[in-house]
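Participant: Have a look at this one before I ask anything.
Just so it is clear, none of the values below were taken in a lab; they were calculated from the coordinates. Here the structure is a predicted model, which means the values were calculated and not measured. Every residue, glycine as well, gets a Cβ built from its backbone with ideal geometry; the counts of neighbours run over all protein chains shown.
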Amino acid sequence: MKIERIHHVAYRCNDAKETVNWYVENFKMDFVLAIAEDRVPSTQAEDPYMHVFLDAGNEGVLAFFELPTQPKMGRDENTPKWVQHIAFKVKDRDELLEFKSHLEGNGIDVLGVTDHSLFHSIYCFDPNGHRIELACPDPDEQSKLARLDKVKWEMLEEWSITKKAPQHAAWMHEKQNTHGNAEK
């Protein structure tokens with residue numbers, strides 16, 4: 001028994017139409033379908049909603065719920081904004097830079113390119129306040145992943161005891177720590 005893949009991930013949105021249009025325009029996602037009901041199928045609660053689905057690539061789906069009768073949506077104020085995010089993979093650095101230019105051309109503030117050693121990323125926020133990351137693989141991604149794979153359990157064990165960052169993967173950001181993030 002094993003999970004095959006993520007079927008979809010669902011988030012809340014302020015306005016379903018605005019959200020769909022934003023993802024279609026800025027990330028070139030296809031609008032797959034919409035479902036609207038007055039009663040929640042799983043709980044049978046009377047709670048009208050609009051549920052929209054966008055194609056996130058490779059059979060992955062990004063979904064949103066607009067909930068007009070619920071209190072205004074917020075975020076977990078005890079969690080930093082950078083933690084909760086949706087990350088999408090793009091083909092390569094050229095495509096990442098194309099997206100950066102496209103987003104900035106649409107008036108969207110973009111952070112990055114950030115070098116994470118394994119991959120390179122840019123960040124922005126959607127109209128609902130969700131942080132979005134676009135990431136492309138580093139040319140040396142596979143050898144770096146293999147290096148990290150060898151120490152993952154050791155790192156996890158050390159973290160679980162000390163709650164301090166184990167130094168097994170410090171090499172990933174050594175260049176950044178000595179030279180800064182020149183790609184920002």
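Participant: What angle do you read, to the nearest 10 degrees and between 0 and 90, between the alpha-carbon axis of helix 152-162 and the longest principal axis of the chain?
Facilitator: Helix 152-162 and the main axis of the chain meet at about 90 degrees.
Participant: Same structure again: Among residues other than Pro139 whose Cβ falls under 13 Å from its Cβ, what is the net charge (Lys/Arg +1, Asp/Glu -1)?
Facilitator: -3
Participant: Please give the helix 93-105 orientation as an angle from the longest Cα principal axis of the chain, in degrees from 0 to 90, rounded to the nearest 10.
Facilitator: For 93-105 against the chain, the angle is about 50 degrees.
Participant: I want the antiparallel fraction of DSSP beta bridges within the range 52-134, as a percent rounded to 5.
Facilitator: Rounded to the nearest five, the antiparallel share is 75 percent.
Participant: Rounded to the nearest 20 debye, what is the charge dipole size of the chain about its Cα centre when +1 sits on each Lys and Arg Cβ and -1 on each Asp and Glu Cβ?
Facilitator: 540 debye
Participant: Let me ask another. I need the GluC sites (Glu not before Pro) found in the range 76-136, filtered to DSSP loop residues with at most 12 other beta carbons within 10 Å of theirs.
Facilitator: Qualifying residues, ordered by number: Glu77.
Participant: Further question on the same structure: Which FRET efficiency value, to the nearest 0.05, do you get for His7 and Gln142 by plugging their Cβ-Cβ distance into 1/(1 + (r/R0)^6) with R0 = 30 Å?
Facilitator: 0.65
Participant: Under a Cβ-Cβ cut-off of 14 Å, what is the net charge of the residues other than Phe64 that fall near it, where Lys and Arg count +1 and Asp and Glu count -1?
Facilitator: After counting each charged neighbour, the total is -3.
Participant: With percent of Cα pairs over 24 Å apart in mind, check (1) 29; (2) 52; (3) 47 and report the label derived from this structure.
Facilitator: Entry (2).
Participant: Mind giving me the nanometre distance, one decimal, between the label points for Ala87 and His173, set 7 Å out from Cα along Cα→Cβ?
Facilitator: Between Ala87 and His173, the label points sit 1.3 nm apart.
Participant: With a/c under 1.5 counting as rounded, go ahead and sort the range 1-46 into rounded, prolate or oblate using the C-alpha gyration tensor (a ≥ b ≥ c being the square roots of the eigenvalues; past the cut-off, prolate if a/b is larger than b/c, else oblate).
Facilitator: oblate
Participant: Along the charge dipole of the range 38-156, which of Leu156, Ile132, Ser117 sits closest to the positive end, that is, farthest toward it, with unit charges on the beta carbon of Lys, Arg, Asp and Glu (+1, +1, -1, -1)?
Facilitator: Positive-most Cα among the choices belongs to Leu156.
Participant: Kindly provide the helix-only [θ] at 222 nm of the chain, computed as the sum of -39,500 (n - 2.57) over DSSP H runs of four or more divided by all residues, to the nearest 500 deg cm²/dmol?
Facilitator: So the helix-based figure for the chain works out to -8000 deg cm²/dmol.
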